[in-house]
1. Can you confirm whether B:L422 is at pLDDT 95 or above and of a type in the set (A, V, I, L, M, F, W, C)?
2. Among the listed residues B:L331, B:L320, which satisfies the condition of being of a type in the set (A, V, I, L, M), in contact with a helix residue (DSSP H, G or I) (Cβ under 7 Å, 6 or more places away or on another chain) and away from every other protein chain (no Cβ under 14 Å)?
3. So B:A207 ticks every box in (1) outside any loop (DSSP other than H, G, I, E, B); (2) within 20 Å of the chain's Cα centre (by Cα); (3) surrounded by 24 or more Cβ atoms within 10 Å (Cβ to Cβ) but one. Which box is left unticked?
4. State whether the residues of the stretch B:283-296 include one that is modelled with pLDDT of 95 or more, of a type outside the set (K, R) and farther than 25 Å from B:V30 by Cα.
5. Identify, by number, the condition in (1) within 30 Å of B:V185 (Cα to Cα); (2) of a type in the set (A, V, I, L, M); (3) within 17 Å of the chain's Cα centre (by Cα) that B:L306 doesn't meet.
6. Only one of (1) touching a strand residue (DSSP E or B) at 6+ places or on another chain (Cβ under 8 Å); (2) under 28 Å from A:A171 (Cβ atoms); (3) at pLDDT 95 or above fails for A:A58. Which number is that?
7. Considering only residues that are touching a residue at least 12 places away in the same chain (Cβ under 8 Å) and within 14 Å of chain A (Cβ to nearest Cβ), which ones fall in the stretch B:260-317?
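The values are calculated or read from the model by the stated rules, or taken from the named source; none is laboratory data. In this text the structure is predicted, and so the values were computed from the model without any measurement. Please note: Cβ atoms are built from the backbone with ideal geometry, for glycine as well, and neighbour counts cover all protein chains shown.
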Amino acid sequence: MKPARFDYFAPGTVDEALALLAEHGDQAKPLAGGQSLIPAMNFRLARPQVLVDLNQVAALSYIRANGSGLAIGAMTRQRAVERSDLVARAAPLLAEAMPSIAHPQIRNRGTVGGSLAHADPSAELPAVALALETRFRAKSATGERWIPAGEFFKGMLETALEPGELLVEIAIPPLPARSGTAFLEMARRHGDYALVGVAAVVTLEANGRCQAARVALLSVGDGPVLASEAATVLAGQAPSAELARAAGERAASRDVDPPSDIHASAAYRRRLVAVLTRRALERAFERAEKGSGEQGAVPSG
Amino acid sequence: MESRRQIGERVRRTEDARLLTGRALFVDDVRLDGMLHVAFLRSQHAHARLTGMDATAARARPGVVAVYTAADLGDYWRPGPLLVPPPPIAGLVFNACTQVPLAKEKLRHVGEPIAMVVAESRYLAEDALDDIVVEAEPLPAVVDLEAALAKGAPRVHEHLPSNVAAHAVQRKGDYARAKQRAHTVIKRRFRYDRGASAAIENRAVAAQWDPRAEELTVWDTTQAPIPIRNGLAQLLGLLESQVRVVAPFVGGGFGPKIMMYYPEEVLVPWAAMKLGRPVKWTEDRQENFFATTQERGQIHDAEITLDQSGKILGVRDVFLHDTGAYDPYGLTVPINSQCTLLGPYEIPNYESEFTAVFTNKTIVTPVRGAGRQHGVFVIERLLDFAAKELGIDRAEIRRRNLLRRDQFPFNNEILFQDSAPLTYDSGDYEPALDQALELIDYHRFVREEQPRLRAAGRHVGIGIVCYVEGTGIGPYEGARVTVEPGGRVRLATGVGTQGQGHFTAFAQIVAEVLGVDVADVHVITGDTREFHWGTGTFASRGAVVAGSACQAAALRVREKILELASQELEASKADLVLAGGSVHVRGDPSAGITLGALAVKANPLRGAVRPGTEPGLEATAYFGPDRGSTASGVHAMLVEVR
Ligand SMILES: Cc1cc2nc3c(=O)[nH]c(=O)nc-3n(C[C@H](O)[C@H](O)[C@H](O)COP(=O)(O)OP(=O)(O)OC[C@H]3O[C@@H](n4cnc5c(N)ncnc54)[C@H](O)[C@@H]3O)c2cc1C
């Protein structure tokens with residue numbers, strides 16, 4: 001389990017990193033926390049000839065609130081997000097999902113950008129990003145662009161990023177008043193990749209009916225899956241246990257076509273989609289009803 | 001005043017400072033000038049015919065020093081030893097097929113080594129693995145125990161008529177007659193899954209041949225350095241004294257590291273001698289899952305017969321045991337399952353038949369309990385079913401069947417892993433059951449809490465398990481105790497440590513006998529240059545067998561101390577007290593002599609000594625029990641299923 005030969009660069013700035021990536025094209029890979037890339041290299045499933053290590057690029061590590069929501073630098077450690085008061089206040093869904101990513105040792109190294117760029121269909125962050133309509137800022141030696149969440153994830157371990165392009169920041173917009181969120185997953189052991197996970201965002205109208213819902217599922221396809229059928233069940237309806245159940249059933253029957261693997265059959269995953277979606281929606285509605293408009297720090301669990 | 005009590009006291013572990021500050025030596029820490037590194041090419045197939053191999057490109061790769069295939073091993077290629085010959089059971093069938101160093105004509109499990117690359121670094125060695133061309137014709141694999149025995153099933157070993165590795169029947173009493181008298185007969189099938197033990201430290205072997213001293217040193221993560229030394233000497237044509245095996249700190253043993261003569265374990269020292277350079281191989285986690293031995297994997301069809309009161313009349317069990325692709329460990333695991341199924345219960349009539357089956361899976365050898373849990377699982381499940389059927393409380397049905405304290409020593413008549421009928425030396429099982437029930441507040445839980453939880457939609461169940469564990473088996477261990485002139489005590493013993501706390505536990509024994517501080521006993525284990533008689537660390541035998549040898553050696557040294565001190569202090573031995581690292585006359589602690597001073601006197605450099613005098617304050621002693629000792633226990637737990 002030793003990697004094949006590679007050349008290694010450790011630039012100190014984003015521009016230097018971009019120049020190196022431009023020079024080496026698709027032979028090069030950025031190295032973030034290394035928690036997915038290094039194992040893949042050790043198994044020789046990935047054989048990049050050049051590694052551009054981003055760990056010296058201090059400018060990519062930050063969590064900031066600004067007018068358009070929350071901005072997180074790509075190299076911010078998952079553990080820093082998990083422990084951030086700012087994140088807990090401004091994006092409680094993200095805060096709630098963080099402890100489900102692997103184990104503390106891995107979150108100490110693993111980064112937000114690394115997880116999103118890796119785009120594992122079983123990862124938590126892509127589903128959360130999709131549920132929160134996150135925007136992705138990508139930079140290359142020739143320019144910069146913003147990619148919406150709906151266009152960022154392209155399939156199994158695939159994103160819209162081009163060779164030579166770095167993900168530098170994500171922007172999470174604020175949620176409207178009377179919104180509530182919840183994250184739930186089922187894993188064989190805590191810290192394992194989930195068999196199924198659900199990130200739910202609901203917004204209520206002044207009269208208490210559901211104005212909008214975004215439910216994103218993980219581990220059920222080749223990327224995060226937006227449960228749009230479930231959302232149509234919810235739109236305009238008054239929250240209830242029955243409604244949550246109906247939305248869960250709809251998500252399971254119409255939104256997903258989950259895979260079977262050694263950890264769970266497709267049928268079991270479908271069942272988990274129904275149950276976890278129902279539970280997540282109940283929790284999100286409850287939080288939306290309790291919240292006074294602005295999202296406060298919501299206790300998880 | 002006699003020596004202070006030390007055995008069993010809570011003391012600070014003497015090995016922890018080294019472990020916690022990273023100064024403990026593990027095999028992978030062995031780094032020597034000119035060291036070469038090894039990677040193994042392993043089978044990707046569960047079952048295949050090996051039709052061709054070409055390592056030319058690998059050999060030509062810069063940095064590669066050697067590539068060995070089975071053909072390159074010459075006479076050194078031979079199947080490993082049968083480690084545990086089968087016990088004398090009438091009508092026994094046993095087919096020994098032990099592992100080979102490198103696969104020759106057939107690949108029998110994923111992870112079986114095919115070729116060995118030796119290079120300047122592990123990275124280069126792994127690069128070269130990709131260069132080796134292997135031609136293999138995949139064969140249908142046998143993985144399911146029952147399918148493996150079906151007519152026409154593919155055969156793991158083609159020279160045998162079937163995949164049967166062994167078949168054994170043991171019985172006591174007359175089960176058929178007992179069944180005729182039965183009030184209730186319960187028959188069930190139990191499957192016990194295969195598992196891997198996955199110690200924190202994987203296996204590793206490093207070896208260095210010193211051509212001037214003509215001595216081979218091998219660092220090995222083995223639980224049995226002395227047998228490995230003896231076996232390697234024989235394989236390599238060396239004197240046992242020319243081979244030194246060091247099992248330094250080892251990060252967990254659990255059985256798979258006992259004394260396997262694993263392919264890697266016999267090839268690395270051979271390569272070091274052949275190449276004249278130190279060679280090291282450290283198993284990575286992926287290899288560990290395929291190439292380190294595993295355990296479990298049995299299917300039991302078991303039947304229990306009882307009278308109306310829940311007393312067991314008899315048990316009949318027919319089971320299949322997965323031995324994997326080879327069976328170097330003989331029948332240890334299934335024999336233990338067969339024998340220890342009887343547990344702490346009085347089961348007058350018993351009939352047990354097993355078939356060990358070759359499959360295209362990793363070799364099975366003892367892992368943690370070595371088969372015992374399988375038997376325990378079967379009898380305990382049967383008792384749970386019986387309790388339900390007879391309407392008897394699950395704790396009560398166990399209590400009614402426990403052996404009584406006046407029945408010991410109790411001969412359970414069925415052969416155990418040491419090839420002798422397992423005899424329970426002593427026991428009193430009911431108090432442990434009572435204590436366990438009390439600790440989980442069993443009666444209240446069953447009466448009040450469980451119905452309440454159930455009504456609230458929660459599924460909280462209860463499990464109670466009683467068992468007997470055979471420990472402290474022979475043949476023997478030894479120890480040497482030496483008082484150094486500085487006053488500290490050296491203790492050398494053969495059993496290595498894999499985290500059990502040997503350094504502290506053995507030191508406590510010697511410290512108590514000699515009246516010194518635990519911290520002043522310097523323990524050396526697992527280095528054949530320091531002590532080369534013994535077998536190893538397994539079967540919960542370290543404290544019982546090696547510990548007893550430590551005590552015996554310390555007692556002899558104590559006798560020498562008293563003898564010499566009585567001359568020096570001109571007092572009778574009966575009046576002497578050993579405490580605080582010195583000897584004094586009872587009632588006069590000020591007029592004493594330190595152990596260090598006595599050690600100096602015991603080794604005079606000039607002058608004459610009396611004929612027959614042995615120098616130094618040193619003694620070696622051995623301990624070999626005539627049979628193992630039996631421990632017992634009860635586990636009780638509440639488990640919620642969500
Ligand atoms: C035992 C274990 C359990 C795990 N369990 C989980 C889990 O339950 N849930 C989960 O979500 N994850 C899990 N992970 C993965 C972990 O969260 C990783 O940290 C994460 O997937 C990748 O982040 P990283 O910073 O380590 O990225 P790296 O491994 O360094 O990189 C991953 C990929 O992203 C690319 N990349 C990295 N940064 C950028 C960037 N800024 N721009 C463009 N490309 C980039 C790299 O080139 C590489 O292809 C687990 C990992 C381990 C080892």
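1. no
2. The unique qualifying residue is B:L320.
3. (2)
4. Yes: the stretch B:283-296 contains one or more residues that are modelled with pLDDT of 95 or more, of a type outside the set (K, R) and farther than 25 Å from B:V30 by Cα.
5. Tallying (1) within 30 Å of B:V185 (Cα to Cα); (2) of a type in the set (A, V, I, L, M); (3) within 17 Å of the chain's Cα centre (by Cα), B:L306 fails exactly one: (3).
6. A:A58 satisfies every listed condition except (1).
7. B:K280, B:W281, B:T282, B:E283, B:D284, B:R285, B:E287, B:N288, B:F289, B:F290, B:A291
Conditions (1) closer than 30 Å to B:T332 by Cβ; (2) surrounded by fewer than 19 Cβ atoms within 10 Å (Cβ to Cβ); (3) under 24 Å from the mean Cα position of the chain (by Cα), marked per residue:
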position	(1), (2), (3)
B:Y76	yes, yes, no
B:P79	yes, yes, yes
B:L82	yes, yes, yes
B:V93	yes, yes, no
B:A96	yes, yes, yes
B:L102	yes, no, no
B:V117	no, no, no
B:R122	no, no, no
